[in-house]
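Working notes for the structure below.
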Amino acid sequence: EPEVTQTPSHQVTQMGQEVILRCVPISNHLYFYWYRQILGQKVEFLVSFYNNEISEKSEIFDDQFSVERPDGSNFTLKIRSTKLEDSAMYFCASSVNFGDGYTFGSGTRLTVV
Amino acid sequence: SQQGEEDPQALSIQEGENATMNCSYKTSINNLQWYRQNSGRGLVHLILIRSNEREKHSGRLRVTLDTSKKSSSLLITASRAADTASYFCATDSYGNNRLAFGKGNQVVVIP
């Protein structure tokens, strides 16, 4: 069964450093997403991406965050200057169409120290 | 506003029993989805029910949707130890390209 692949599975970074989280969505999916889950809390929406541009973003997704689809397969989330409160599990997801079920990746656990 | 708010229950049941969990939401939706998350792992899509549907089945899963009460329930029949996980409902609304997740229900199935 097709999967959404995320790398790395775990990343530890110093506060203030830039991190790039990588995702390979399912090849025939058109919509891509990033969500995050702080330990013990809800899954929160960050951003959705369609047709090579952001279609929607949350208030969490401020100027420190950016997304990119640098080639036909990868979808990345960059955090420019990490803060302690960015520590969370970050999930990438994709869907064929808007309004379909999502396929989520296994997540990247980001720890900011 | 908060969407997809489950009753914050932790269920502990014996293998073979049924598990029911509920979810309520506050605004009009396009569809409602249920996901499972095993500890420290990703979210697995279980079932999607559209706003014009009232009930849906998939294997041992049964989902109901009551749009007049803005609520949904997920029933897992004949539970197995492997069903031990957190279960989340998530809603997507017209005009939004995002899912709003609830807090999740922890289900423990005792062998």
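The values are calculated or read from the model by the stated rules, or taken from the named source; none is laboratory data. Computed from a predicted model, the values in this text were never measured in an experiment. Heads up, the Cβs are rebuilt from the backbone with ideal geometry, glycines too, and the neighbour counts pull from every protein chain shown. Protein only, heavy atoms only, side chains kept; ligands, DNA and RNA dropped before computing areas. Shrake-Rupley method; radii C 1.70, N 1.55, O 1.52, S 1.80 Å.
With respect to A:Glu18, is the statement that it is farther than 25 Å from B:Asn105 by Cα, at pLDDT 95 or above and either open to solvent by 40 Å² or more (accessible area, probe 1.4 Å) or basic (Lys, Arg) (or both) true? Here the answer is yes, as A:Glu18 does meet what is asked.
Would you confirm whether or not segment B:27-44 contains a residue that is in contact with a Ser or Thr (Cβ under 9 Å, 6 or more places away or on another chain), at negative phi and more than 13 Å from every other protein chain (Cβ to nearest Cβ)? The answer is yes, given that some residue of segment B:27-44 is in contact with a Ser or Thr (Cβ under 9 Å, 6 or more places away or on another chain), at negative phi and more than 13 Å from every other protein chain (Cβ to nearest Cβ). For segment A:76-89, give me each residue that is away from chain B (no Cβ under 13 Å) and either open to solvent by less than 30 Å² (accessible area, probe 1.4 Å) or assigned to a loop (DSSP other than H, G, I, E, B) (or both). The answer is A:Thr76, A:Leu77, A:Ile79, A:Arg80, A:Ser81, A:Thr82, A:Lys83, A:Asp86, A:Ser87. Reported count of residues in segment B:22-37, each being open to solvent by 50 Å² or more (accessible area, probe 1.4 Å) and under 16 Å from A:Phe91 (Cβ atoms), is 1.
Among the residues making up segment A:90-107, those that are part of a strand (DSSP E or B) and facing chain B (nearest Cβ under 7 Å) are A:Phe91, A:Thr103, A:Phe104. The single residue among B:Val63, B:Val44, B:Val108 that is free of Cβ contacts under 8 Å to residues at least 24 places away in the same chain and β-branched (Val, Ile, Thr) turns out to be B:Val44.
For segment B:73-111, the set of residues classified as open to solvent by 30 Å² or more (accessible area, probe 1.4 Å) and either within 13 Å of chain A (Cβ to nearest Cβ) or more than 19 Å from B:Asn38 (Cα to Cα) (or both) consists of B:Tyr94, B:Gly95, B:Asn96, B:Arg98, B:Lys103, B:Gln106, listed by residue number. Do we have B:Lys70 as of a type in the set (Lys, Arg), touching a residue at least 24 places away in the same chain (Cβ under 8 Å) and away from chain A (no Cβ under 14 Å) here? Here the answer is yes, as B:Lys70 does meet what is asked.
Taken over segment A:24-75, the criterion of being of a type in the set (S, T, N, Q), within 12 Å of chain B (Cβ to nearest Cβ) and either in a strand (DSSP E or B) or open to solvent by less than 40 Å² (accessible area, probe 1.4 Å) (or both) is satisfied by A:Gln37, A:Ser48, A:Ser55, A:Ser58.
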